[in-house]
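Q: Can you read through this structure? Questions will come right after.
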């Protein structure tokens, strides 16, 4: 065998091998065609493949269905022109051409003419059946073209519905005045409605706000942590929705309170929020109103200090702190002495300025950690905290007294007042708030009763006295009904002749279990509770009947003096018949009764008091000024009101001896009263020397134990009978 022949034999395939390879290749192609056809039949998209000459080479049944083309037409491998002609013949681009995406026709005609450049590769078209198809075109390197058709009708309709719903939702919220926000959480991009930007003073040019992190920078630092907690609670499912009130900085730098509400509307597969929408409502006006209401409920509008309500809250906090830290706490009640006189004489405007200045002075005496409150009227309260003991309190109290007794410059007026301070300690005196307040109040009244311009600490004795006052108050109501009161009469002696044709009516209370109770104990209680009106009326009626009898039996000009407290003038009952009319109804002249008043009443410049004093004068009832020299009146008050008698207080008579200062004062009072047309009665005459010195000084009448103690009416008649004998 030759090499050539051998070579030829090796290079040429055997006929049998070639046939086998061809069969295998055909089988592989058929399998691939079958797989391709199976794939094309199973997908939801329609597919058309055009060759470089524009003829359909591959298609699937879904393409026939979506394009409403017969399978036989596509199986004949029509050209693009044939397809266009078929569609035009069917009228797909006729009068209803606007219903069909015109890009489809342009693309078809463009392929037919070989001009594919510039054609859209992705668009939507609407078929004559009203279905929306998404069309994608891809050009292949050999000039052929693949076009896919997907039915997106439901998706497009859903998107359209969603868009309409969002437009309606936005319109509804916008028309309510709220601002709308739409936050794509994971990207951080946020969109704001026009109204929201208007509320805060921003506009569309402020694009930096579209990042949620930038918008959060506008939140007030004090409110940000609370906002983030509320938002995270909603993200984590602890709250069904997000809601928070916080301050947002406006473009002009001001702050507005916003109520922000929202809800996550979509989450990813892991449950993390994707999108959140919500609103911003401007609640600035409501917040301001709430602050104003809270301010009015907890602070005094005149001084700006905490009021009684706020004081109670502060006390509760400080008691907890003192109990926890082991410190003591002091409660001070401060009452301004003589404030009423200033308020009545100079007017309420001056009184208000005095209160404001007094509040400032009190605050200057304590630390910032302490609390100063106005309880009402001219009464203040102070809480002194973190005290190791009460040893250093006296310095603070003295400082307050000195500050408040210094002159007050009220416009053109210079005014002097002072203060009475009551002090109680926690936990030494009490542990409950109300008990501490009661203790401080009681101690304050002790300071006032001891002469004012001083302080007093609460003691158990004060507590007992307070409880005693409560019991007496309750018993006073029964005193009149059960006829426990008696009226005694003390003679008033004419010093020049020794004659007795005057007496003072004095009330006494014989308590069924306590025995005789001093007027000094129950009269102040009766005045503070208003019972003094009924008690005083009862005393007047008793005295009126008695003077009526004595004018018949003893002396036709007999007079009885009846005390009338300032509380009776201030709380005069509308149903009470004036005393002059009652006397007239009994056939008695007004001169049968003398009304004794105190100097403090003359300081009351109210029209009611002046009218009642004038009413007494017009009714012929004389007026006697009791305890003269111990009060704060002046000659101007004596000239202003019609005063008939001046009673020298017993404090000037008690130590009366020749060449004494008290004698000089008595002589001056007597001379002044006579010069003004008044007569003088000296109280507390207990010795013959006192009587003689007063008589020598020209005093008209004397009253005291030298002549007689207060006695019952029958004893009084016996006393007169004995004197005459």
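Q: Wholly within region 340-427, which strands (runs of 3 or more DSSP E) include no fewer than the required count, namely at least 3 residues that are in contact with a strand residue (DSSP E or B) (Cβ under 8 Å, 6 or more places away or on another chain)?
A: 371-376, 379-387, 418-426
Q: Would you be able to say whether some residue in region 435-455 is crowded, with 18+ Cβ neighbours inside 10 Å and assigned to a strand (DSSP E or B)?
A: Yes - at least one qualifying residue is present in region 435-455.
Yes or no, residue by residue, for (1) exposed (fewer than 14 other Cβ atoms within 10 Å of the Cβ); (2) closer than 19 Å to residue 264 by Cβ; (3) at pLDDT below 80:
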| residue | (1), (2), (3) |
| --- | --- |
| 151 | no, no, no |
| 161 | yes, no, yes |
| 181 | no, yes, no |
| 189 | yes, yes, no |
| 192 | no, yes, no |
| 205 | yes, no, yes |
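Q: Another question, then. Identify all residues within region 321-339 that are assigned to a helix (DSSP H, G or I) and within 24 Å of residue 413 (Cα to Cα); write none if there are none.
A: 339
Q: Can you tell me which residue in region 686-725 is modelled with the lowest pLDDT, limited to those that are more than 14 Å from residue 490 (Cβ to Cβ) and in a loop (DSSP other than H, G, I, E, B)?
A: Ranking the qualifying residues of region 686-725, first place goes to 725.
This table checks each residue for (1) closer than 18 Å to residue 145 by Cβ; (2) touching a strand residue (DSSP E or B) at 6+ places or on another chain (Cβ under 6 Å); (3) outside any helix (DSSP H, G or I); (4) at pLDDT below 75.
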residue	(1), (2), (3), (4)
5	no, no, no, yes
21	no, no, no, no
28	no, no, no, no
35	no, no, no, no
44	no, no, yes, no
53	yes, no, yes, no
108	yes, no, no, yes
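Q: Return the residue satisfying two criteria in turn: it lies in region 569-578 and is more than 41 Å from the chain's Cα centre (by Cα) and farther than 20 Å from residue 477 by Cα, and of such residues it is surrounded by the most Cβ atoms within 10 Å (Cβ to Cβ).
A: That would be 578.
Every residue, every condition in (1) modelled with pLDDT of 90 or more; (2) surrounded by 18 or more Cβ atoms within 10 Å (Cβ to Cβ); (3) on the phi > 0 side of the Ramachandran plot, yes or no:
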| site | (1), (2), (3) |
| --- | --- |
| 244 | yes, yes, no |
| 250 | yes, no, no |
| 269 | no, no, no |
| 293 | no, no, no |
| 308 | yes, no, no |
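Q: Only residues that are in contact with a helix residue (DSSP H, G or I) (Cβ under 9 Å, 6 or more places away or on another chain) and modelled with pLDDT under 80: list them for region 125-146, please.
A: Passing the criteria: 125, 126, 127, 128, 130.
Matching residues to (1) over 51 Å from the mean Cα position of the chain (by Cα); (2) within 17 Å of residue 595 (Cβ to Cβ); (3) in contact (Cβ under 8 Å) with a residue 60 or more places away in the chain; (4) in a strand (DSSP E or B):
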residue: 464; (1), (2), (3), (4): no, no, no, no
residue: 468; (1), (2), (3), (4): no, no, no, no
residue: 486; (1), (2), (3), (4): yes, no, yes, yes
residue: 489; (1), (2), (3), (4): yes, yes, yes, yes
residue: 492; (1), (2), (3), (4): yes, yes, yes, yes
residue: 505; (1), (2), (3), (4): yes, yes, no, yes
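Q: Would it be correct to say that residue 581 is part of a helix (DSSP H, G or I), within 55 Å of the chain's Cα centre (by Cα) and at pLDDT 95 or above?
A: For residue 581, the condition - part of a helix (DSSP H, G or I), within 55 Å of the chain's Cα centre (by Cα) and at pLDDT 95 or above - is not met.
Q: For residues in region 211-232 being surrounded by 15 or more Cβ atoms within 10 Å (Cβ to Cβ) and under 17 Å from residue 262 (Cα atoms), which is modelled with the lowest pLDDT?
A: For region 211-232, the residue satisfying everything is 212.
Q: Yes or no: region 669-685 includes at least one residue that is in contact (Cβ under 8 Å) with a residue 40 or more places away in the chain, in a helix (DSSP H, G or I) and under 26 Å from residue 488 (Cβ atoms).
A: No, every residue in region 669-685 fails to be in contact (Cβ under 8 Å) with a residue 40 or more places away in the chain, in a helix (DSSP H, G or I) and under 26 Å from residue 488 (Cβ atoms).
Q: Which pairs do you get when a residue that is within 26 Å of residue 54 (Cβ to Cβ), found in region 136-161, comes within reach of a residue that is part of a helix (DSSP H, G or I), reach meaning Cβ atoms under 7 angstrom, with the pair 6+ apart or on two chains?
A: Sorted first by the residue in region 136-161, then by its partner, the pairs are 137/107; 145/111; 149/63; 149/66; 149/67; 151/66.
Q: Which members of region 538-568 meet the condition of being crowded, with 17+ Cβ neighbours inside 10 Å, out of contact with any strand residue (DSSP E or B) (no Cβ under 6 Å at 6 or more places or on another chain) and closer than 20 Å to residue 480 by Cβ?
A: Hits for region 538-568 are 544, 546, 565, 567, 568.
Q: Moving on. For residue 312, only one of the following conditions fails: (1) free of Cβ contacts under 8 Å to residues at least 24 places away in the same chain; (2) assigned to a helix (DSSP H, G or I). What is its number?
A: (1)
Q: Does at least one position in region 253-263 carry a residue that is outside any strand (DSSP E or B), loosely packed, with under 12 Cβ neighbours inside 10 Å, at pLDDT below 95 and touching a strand residue (DSSP E or B) at 6+ places or on another chain (Cβ under 9 Å)? Working first, answer last.
A: Just the residues of region 253-263 that are outside any strand (DSSP E or B), to begin with: 253-254.
Those still in the list that are loosely packed, with under 12 Cβ neighbours inside 10 Å too: 253.
Narrowing further to those that are at pLDDT below 95: 253.
Remaining after also requiring touching a strand residue (DSSP E or B) at 6+ places or on another chain (Cβ under 9 Å): none.
No - not one qualifying residue is present in region 253-263.
Q: A further question on this structure: Determine which single condition residue 483 fails, assuming it passes every other condition in (1) touching a strand residue (DSSP E or B) at 6+ places or on another chain (Cβ under 7 Å); (2) modelled with pLDDT under 90.
A: If we test residue 483 against (1) touching a strand residue (DSSP E or B) at 6+ places or on another chain (Cβ under 7 Å); (2) modelled with pLDDT under 90, just (1) comes out false.
Q: Please give the number of the condition residue 65 fails out of (1) closer than 27 Å to residue 143 by Cβ; (2) modelled with pLDDT of 80 or more; (3) surrounded by 13 or more Cβ atoms within 10 Å (Cβ to Cβ).
A: All conditions are met except number (1).
Q: Right, something else. Show the residue pairs that are 6+ apart or on different chains and have beta-carbon atoms under 6 Å apart, the first residue being within region 709-723 and over 15 Å from residue 553 (Cβ atoms), the second being assigned to a helix (DSSP H, G or I) and modelled with pLDDT under 95.
A: none
Q: Identify, please: which residue in region 507-522 is touching a strand residue (DSSP E or B) at 6+ places or on another chain (Cβ under 8 Å) and not in a strand (DSSP E or B) and is, among those, nearest to residue 597 (Cα to Cα)?
A: Only one residue tops the list, namely 519.
Q: Out of everything in region 605-626 that is under 48 Å from the mean Cα position of the chain (by Cα) and either at pLDDT 85 or above or under 25 Å from residue 649 (Cα atoms) (or both), what residue ends up being surrounded by the fewest Cβ atoms within 10 Å (Cβ to Cβ)?
A: 614
Q: Which condition breaks for residue 652 when tested against (1) under 20 Å from residue 490 (Cα atoms); (2) in contact with a strand residue (DSSP E or B) (Cβ under 7 Å, 6 or more places away or on another chain); (3) modelled with pLDDT under 95?
A: Unmet for residue 652, out of (1) under 20 Å from residue 490 (Cα atoms); (2) in contact with a strand residue (DSSP E or B) (Cβ under 7 Å, 6 or more places away or on another chain); (3) modelled with pLDDT under 95: (2).
Q: Looking at (1) over 30 Å from residue 324 (Cβ atoms); (2) under 31 Å from the mean Cα position of the chain (by Cα); (3) surrounded by 14 or more Cβ atoms within 10 Å (Cβ to Cβ), can you tell me which one residue 405 breaks?
A: Only one criterion in (1) over 30 Å from residue 324 (Cβ atoms); (2) under 31 Å from the mean Cα position of the chain (by Cα); (3) surrounded by 14 or more Cβ atoms within 10 Å (Cβ to Cβ) is unmet by residue 405, namely (2).
Q: Name the residues in region 544-557 that are assigned to a helix (DSSP H, G or I) and out of contact with any helix residue (DSSP H, G or I) (no Cβ under 9 Å at 6 or more places or on another chain), would you?
A: Residues satisfying the conditions are 545, 552.
Q: Among the residues of region 558-567 satisfying the criterion of being in contact with a helix residue (DSSP H, G or I) (Cβ under 7 Å, 6 or more places away or on another chain) and within 16 Å of residue 599 (Cβ to Cβ), which is modelled with the lowest pLDDT?
A: So, considering only residues that are in contact with a helix residue (DSSP H, G or I) (Cβ under 7 Å, 6 or more places away or on another chain) and within 16 Å of residue 599 (Cβ to Cβ), the one modelled with the lowest pLDDT is 567.
Q: Continuing with the same structure: Can you tell me which residue is modelled with the lowest pLDDT among those in region 113-124 that are under 21 Å from residue 66 (Cα atoms) and not in a strand (DSSP E or B)? Write out each step before concluding.
A: So in region 113-124, the residues under 21 Å from residue 66 (Cα atoms) come out as 120-124.
Next, only the ones that are not in a strand (DSSP E or B) stay: 120-121.
On the way: 120: 58, 121: 72.
Among them, the one singled out is 120.
The values are calculated or read from the model by the stated rules, or taken from the named source; none is laboratory data. It should be emphasised that the depicted structure is a prediction, and the values quoted were computed from it without experimental measurement. As a convention, Cβ positions derive from the backbone with ideal geometry for all residues, glycine included, and neighbour counts pool all protein chains shown.
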